[in-house]
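Participant: One structure coming up, written as structure tokens, with questions to follow.
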Amino acid sequence: MAPTLKGGDAALLPEFPRGPLDSYRARASFSWKELALFTEGEDMLRFKKTIFSALENDPLFARSPGAHLSLEKYRELSFLRCKRIFEYDFLSAGDMFESPLKVSTLIQCLGMYDWSLAAKYVLHTLIFGSAVFSSGSERHFTYIQKIFSMEIFGCFALTELSHGSNTKAIRTTAHYNPATEEFIIHSPDFEAAKFWVGNMGKTATHAVVFAQLHMPGGQCHGLHPFIIQIRDLKTLLPMPGVMVGDIGKKLGQNGLDNGFAVFHKVRVPRHNLLNRMGDVTPEGTYVSPFKDARQRFGASLGSLSWGRVVIMAMAVTNLKLAVSIAARFSATRRQFGPTEDEEIPVLEYQTQQWRLLPYLAAAYALDHFSTSLFLDMVELQRGLAAGDRSARQAELGREIHALASAGKPLASWTAQQGIQECREACGGHGYLAMNRLGVLRDDNDPNCTYEGDNNVLLQQTSNYLLGLLALRVRDGARIRSPLKSVDFLDSYPSILDQRFEVSSVADCLDSAVALAAYKWLVCYLLRETHEKLNQEKRSGSGDFEARNNCQLKDDAVALVDVIAPPDFVLDSPIGRADGELYKNLWGAILQDSQVLERASWWPEFSVNKPVIGSVKSKL
């Protein structure tokens, strides 16, 4: 039975304006209203309408066609809009776990309006907030209410100038001093500066900072998160020992203030350690509920999975917007026809259908996947909050990590390719800035790299699968996972024995055929990779060498030297001929940032000469 509105409230899904799209809507084989109710449900549709109506009727969110805001004005406006979102009270702290779909819906609605605003909100509430909640304990929960009242404004500081994907190589340190019961947070040099941190550039007052935890005896217990105040709450000036600034203009999302921070022997109280995964007693003894350091490390980075799952939803939303624009354009743009006097919509041409319809289908499929994974992530976080350390909980975390590590690349790359295809499918009109496809492309671009480079993330998923296969082949272990995403690998031998057999073209359209083909392909690729790795190891190669021994690389730099222009013309700090990657980038950032005062300790972090070392960021 088709879903219907309670009380027949047609105002929730009003009819579209009459016009050139009427003929296509009349030819549809289903009711769009019934499908909307089926896919989203009446409660979420009402919630979306509430959000969109609030934005449309609030002058602070008024669209200004043709207006070109300065970088400072855009970032100020994004902060004020973020503040207004909290004033509307769309979500409470309790909704984060009690009504998770409302969280996902709000993020997508804000993103449809402006991803700078959505990212700013997400980084503060979901990434910073969930890091405090899931990695901290009761002593930190006072921060949660301050997050939702915006008494403080937060960011998540893991990535450094010289390290991103390789989180174990993060170099910021936290040395414990039992005499004062304080941690001393320190950046050993400019390459250890926290970098690319959203909200840090102008507005964040607090940061969850990841640092290597060192005990008085010299033992290092690896990365741990600390909550650190980086700016004064009233003046927004940096706290003592903190140099913080904005990294400058980006290709997209310029309403979001990405920033950097350097810490010079910053003292923070012992209780600022987010201690759910590991703690330090006043006397200086390290304690942890995890006996295995790898399990503790994985659990402490749970917030990264949140980020990757959210990025999937962001990418899917961008694809929805691009396909909506291109499909409506194609249904009304008329070119050529059966006679000189009759032109037909370009959507009638098979080439246009081949370009757009696969991405329309992908938008629906990826939307379902990202939503279900979001709910799975909520289940994982609930378990962590309840102190569940069962084998199933641990396996659920590993499975979600693997799914998010594959899902983010799939969603972000599909969206990026789809947006470009939509841009081209709209011809010259798609290149006009006012039609938004360029903005969507630029705003979606970072989804492919932040919270983990896509190519690196795929290796994490492959490592997960190869580990399961090794247990299956070596020990005959059954393959079972909480979400059943890899249960098919238990039939690994029989799947590889299958052959593609269909009797008609119609058989190929059966979804079971495509699913069987993908299962076979995964098993085949796993077998080939597993055997190749074993062969390399037998020849004496270690794990790292075994994975990298086939790279076509020694001539790359010399070949580029032939085609590259002088540095002045190339005009790229990361591409200069001297190869001083971080030194050039750091120098360019400091020249571009609003650094107004010199700190006495700054010269040791200078690249070529002392420069000023604190930032006034008051809006």
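The values are calculated or read from the model by the stated rules, or taken from the named source; none is laboratory data. Every value quoted in this text rests on a predicted model; they were computed, and no experiment measured them. All Cβ positions, glycine included, derive from the backbone under ideal geometry; neighbour counts span all protein chains shown. Side chains included, ligands, DNA and RNA excluded: accessible areas come from the protein's heavy atoms. Shrake-Rupley method; radii C 1.70, N 1.55, O 1.52, S 1.80 Å.
Participant: Would the stretch 504-517 turn up any residue that is in a helix (DSSP H, G or I), under 30 Å from residue 325 (Cα atoms), open to solvent by less than 70 Å² (accessible area, probe 1.4 Å) and free of Cβ contacts under 8 Å to residues at least 60 places away in the same chain? Explain how you work it out, then say what you get.
Facilitator: First, pick out the residues of the stretch 504-517 that are in a helix (DSSP H, G or I): 505-508, 511-517.
Okay, now just the ones that are also under 30 Å from residue 325 (Cα atoms), so 511, 514.
Filter again for open to solvent by less than 70 Å² (accessible area, probe 1.4 Å), leaving 514.
The next check asks that each one be free of Cβ contacts under 8 Å to residues at least 60 places away in the same chain; those that pass are 514.
Checked against the condition, which is being in a helix (DSSP H, G or I), under 30 Å from residue 325 (Cα atoms), open to solvent by less than 70 Å² (accessible area, probe 1.4 Å) and free of Cβ contacts under 8 Å to residues at least 60 places away in the same chain, the stretch 504-517 yields at least one hit.
Participant: Out of 399, 379, 421, 395, which single residue is among the charged types (D, E, K, R), open to solvent by less than 10 Å² (accessible area, probe 1.4 Å) and part of a helix (DSSP H, G or I)?
Facilitator: Step by step, each of 399, 379, 421, 395 is checked, and only 399 is among the charged types (D, E, K, R), open to solvent by less than 10 Å² (accessible area, probe 1.4 Å) and part of a helix (DSSP H, G or I).
Participant: If the Cβ limit is 7 Å and pairs must be 6+ apart or interchain, which residue in the stretch 234-245 that is of a type in the set (Ser, Thr, Tyr) pairs with which residue that is assigned to a loop (DSSP other than H, G, I, E, B)?
Facilitator: Every condition considered, the pairs that remain are 235/618.
Participant: Is there a residue being in a strand (DSSP E or B), in contact with a Ser or Thr (Cβ under 9 Å, 6 or more places away or on another chain), within 28 Å of residue 585 (Cα to Cα) and aliphatic (A, V, I, L, M) anywhere in the stretch 117-124?
Facilitator: No, the stretch 117-124 has no match at all.
Participant: Select from the stretch 44-81 the residues that are hydroxyl-bearing (Ser, Thr, Tyr) and over 29 Å from residue 259 (Cβ atoms) and write down the one among them that is surrounded by the most Cβ atoms within 10 Å (Cβ to Cβ).
Facilitator: Here the residue is 50.
Participant: Further, regarding this structure: Looking at the stretch 428-440 only, could you name the residues that are assigned to a helix (DSSP H, G or I) and without any contact (Cβ under 8 Å) to a residue 40 or more places away in the chain? Working first, answer last.
Facilitator: Filtering the stretch 428-440 down to residues assigned to a helix (DSSP H, G or I) leaves 428-431, 433-435, 437-440.
Correct list: 428, 431, 433, 438.
Participant: Now for a separate question. Name the residue that is modelled with the lowest pLDDT, counting only residues in the stretch 1-41 that are of a type outside the set (Gly, Ala, Ser) and farther than 25 Å from residue 327 by Cβ.
Facilitator: 1
Participant: Out of the stretch 369-381, which residues are farther than 14 Å from residue 305 by Cβ and touching a residue at least 24 places away in the same chain (Cβ under 8 Å)?
Facilitator: 369, 371
Participant: Checking the conditions here, which among 130, 165 is among the small types (Gly, Ala, Ser), open to solvent by less than 30 Å² (accessible area, probe 1.4 Å) and either at pLDDT below 90 or out of contact with any Cys (no Cβ under 8 Å at 6 or more places or on another chain) (or both)?
Facilitator: 130
Participant: Separate question: Across the stretch 456-484, what is the total count of residues that are free of Cβ contacts under 8 Å to residues at least 60 places away in the same chain, in a loop (DSSP other than H, G, I, E, B) and open to solvent by 40 Å² or more (accessible area, probe 1.4 Å)?
Facilitator: 4
Participant: Which condition breaks for residue 252 when tested against (1) open to solvent by 20 Å² or more (accessible area, probe 1.4 Å); (2) assigned to a loop (DSSP other than H, G, I, E, B)?
Facilitator: Residue 252 satisfies all of (1) open to solvent by 20 Å² or more (accessible area, probe 1.4 Å); (2) assigned to a loop (DSSP other than H, G, I, E, B) except (1).
Participant: For the condition more than 30 Å from residue 129 (Cα to Cα) and touching a Phe, Trp or Tyr at 6+ places or on another chain (Cβ under 6 Å), what is the one hit in 418, 430?
Facilitator: Within the list 418, 430, the selection yields 418.
Participant: The conditions are (1) modelled with pLDDT under 90; (2) surrounded by fewer than 12 Cβ atoms within 10 Å (Cβ to Cβ), and residue 541 fails exactly one of them. Which is it?
Facilitator: Evaluating residue 541 over (1) modelled with pLDDT under 90; (2) surrounded by fewer than 12 Cβ atoms within 10 Å (Cβ to Cβ) leaves (2) as the failure.
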